[in-house]
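The values are calculated or read from the model by the stated rules, or taken from the named source; none is laboratory data. Computed from a prediction, not measured in an experiment: that's the story for all the values here. Reconstructed Cβ throughout: ideal geometry from the backbone, glycine too, with neighbour counts over all protein chains shown. What goes into the accessible areas is simple: the full protein's heavy atoms, side chains included, and nothing from ligands, DNA or RNA. Shrake-Rupley method; radii C 1.70, N 1.55, O 1.52, S 1.80 Å.
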Amino acid sequence: MPGSGNQTLGNGAVLMFSGRADGVRRSGVGIILSKKMKNSLISYTPVSDRVMTARLHSKHINISVTVVYAPTEDAEPSTKDAFYRELNDVQSELPAHDIKLVLGDFNARVGRDNEAHPGVIGTHSYHMESNDNGIRMLDFCAMHQLTIGGTLFEHKDIHKTTWRSPNGQTVTQIDHICISKRWSHSLLDVRSMRGADINTTHYLVRGYVSVKLKCPEKRKKSARMPALEYLRDRSKSNEYSNKIAEKFNNCQDLHSENRLLEDKWKELKEAICDVSFDVIGERSRKQKAEHLSKETKELLRERGEIKKLPSTDDNRLKYSRINGLVRQSCKKDDNSWAARVAEELEEAAKQGQQRD
């Protein structure tokens with residue numbers, strides 16, 4: 001996704017992203033916070049198409065999350081140097097007392113030599129030796145006192161690997177979750193989730209962190225609102241004015257000098273609300289239209305079922321075919337949604353209801 005910004009998803013979650021500035025749909029990083037977790041967000045900073053940060057409230061100490069997308073192992077050394085310079089600068093500017101989480105696609109194979117890097121890696125990495133990206137990552141983690149979570153927990157090899165080549169022949173562990181060394185005991189588990197259908201050669205990597213987030217107090221349910229747009233109708237407006245005047249004249253206590261001002265205001269407010277709901281009624285709540293069509297959801301379900309099948313040439317061909325149909329259907333839904341929004345805005349403009 002090019003550019004940077006945030007977007008509220010259909011389930012109430014919020015997506016924050018940082019992509020390329022030239023509009024090319026390549027590379028980019030992002031963070032999704034659930035409907036509940038988004039209330040813990042303090043701020044987020046899109047740095048580049050390879051690095052972004054977000055800061056979250058927790059009960060006792062705040063959390064700084066850095067999401068990365070490192071250059072591949074075959075990239076030029078100068079490109080790798082530039083990436084780690086940027087990442088070091090970003091990490092150094094984070095509040096020193098926060099819990100640090102650094103996660104994403106490091107394109108780094110990390111070995112098991114935990115004696116050379118005490119506190120940085122454990123003994124359960126998938127790889128025996130580190131590649132060039134792995135060495136750079138180890139140096140970065142040592143500099144910033146980070147522990148690589150995927151090397152700490154004993155799992156089957158299939159639950160350690162995070163990337164599979166398109167032909168299904170090569171598997172590696174290149175996506176990582178790192179946490180501040182002093183808080184590594186709060187990281188309860190890290191493993192890949194092979195069953196997640198996310199339309200990529202990478203597997204979803206899940207980590208459990210035992211930290212209680214702190215959310216602001218829940219908002220009270222929104223109050224009833226009268227349908228004020230109906231007052232544009234001259235007959236309704238006249239009826240409303242007459243009812244208000246009649247109600248005001250009948251409230252004799254409002255003219256009494258012995259009553260408190262707050263009591264007078266409360267009675268007047270209740271009178272206005274009663275008239276508003278009686279004459280113009282309550283404003284109906286707008287229901288959000290589904291962004292994805294039933295056809296697209298059915299295709300996604302079918303793609304998920306194929307994802308669960310053994311990784312054979314035939315099944316990969318089936319997955320590729322239905323994935324193309326999913327992309328076409330999603331694009332069609334996007335165009336339909338944009339046309340629907342444009343039509344609603346045009347209709348509202350004709351009726352002078354842009355603010356509604």
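Once Lys and Arg get +1 and Asp and Glu get -1 on their Cβ, which of Val68, Ser34, Gly122 lies farthest toward the positive end of the dipole of the chain?
With unit charges placed on the Cβ atoms, the residue in question is Ser34.
Points 7 angstrom from Cα along the Cβ direction at Glu229 and Asn114: gap in nanometres?
Going by the 7 Å Cα→Cβ label model, 6.2 nm.
What nm distance separates the two modelled labels at Glu93 and Lys318, each placed 7 Å from Cα along Cα→Cβ?
Label-label distance for Glu93 and Lys318, simple model: 5.0 nm.
Label Lys35 and Ser210 with points 7 Å out from Cα along Cα→Cβ: what is the distance between them in nm?
Modelled inter-label distance: 3.0 nm.
222 nm [θ] for the chain, helices only, -39500 (n - 2.57) per DSSP H run of 4+, per residue, to 500?
-11500 deg cm²/dmol
Got a number for the accessible area of Ile61? Probe 1.4 Å, square angstrom, nearest 10.
40 Å²
Kindly state, to the nearest 0.05, the FRET efficiency for His124 paired with Thr72, given R0 = 22 Å and r defined as their beta-carbon distance.
0.35
What are the trypsin sites (Lys or Arg not before Pro) within segment 28-63 that DSSP puts in a loop, where the Cβ has at most 14 other Cβ atoms within 10 Å?
When the trypsin sites (Lys or Arg not before Pro) of segment 28-63 are filtered for loop state and at most 14 Cβ neighbours within 10 Å, Lys35, Lys36, Lys59 remain.
Can you spot the aspartates and glutamates whose alpha carbon is less than 16 Å from Lys156's alpha carbon? Ignore those fewer than 8 places along the same chain.
Once the sequence-local aspartates and glutamates are set aside, what remains near Lys156 is Asp189.
Ignoring ligands, DNA and RNA, how do Met225, Met143, Met37, Met137 rank by accessible area with a 1.4 Å probe, largest first?
Met143, Met225, Met37, Met137
Report, in debye and to the nearest 20, how large the dipole of the chain comes out about its Cα centre when Lys and Arg carry +1 and Asp and Glu carry -1 on their Cβ.
Dipole of the chain, to the nearest 20 debye: 780 debye.
Put Cys273, Cys178, Cys330 in order of accessible area, largest first, 1.4 Å probe: what do you get?
So the residues, ranked largest to smallest area, are Cys273, Cys330, Cys178.
Compare Phe17, Phe277, Phe248 by solvent-accessible area with a 1.4 Å probe and give them largest first, with all protein chains kept in place.
Sorted descending by solvent-accessible area, the residues read Phe248, Phe277, Phe17.
Full-extension gain between Asp189 and Asn238, please, as 0.36 nm times their residue separation minus the C-alpha to C-alpha distance.
Length difference between fully extended and current span is 11.0 nm.
Counting heavy atoms of the protein chains only and a 1.4 Å probe, report the per residue accessible area for the chain as a whole number of Å².
Per-residue value: 63 Å².
May I ask you to give the percent of accessible area on segment 1-64 that is carbon plus sulfur, with a probe radius of 1.4 Å?
49 percent
Probe 1.4 Å, all protein chains in place: accessible area of Leu188 in Å², nearest 10?
Approximately 100 Å² for this residue.
Relative contact order for the chain: what is it in percent, counting Cα pairs under 8 Å that are at least 6 residues apart?
Reported relative contact order: 10 percent.
Run the accessible area of segment 259-351 with a 1.4 Å probe and give the carbon-and-sulfur part as a rounded percent.
Of the solvent-accessible surface of segment 259-351, carbon and sulfur hold 54 percent.
In the neighborhood of Gly119, defined by Cβ-to-Cβ distances under 15 Å, what is the net charge if each Lys or Arg adds +1 and each Asp or Glu adds -1?
Local charge sum for Gly119: +1.
Take the Cα coordinates of the chain, assign each an equal point scatterer, and use the Debye formula without solvent to give log10 I(q)/I(0) at q = 0.09, 0.13 Å⁻¹.
Per q value, in the given order, log10 I(q)/I(0) is -0.69, -1.12.
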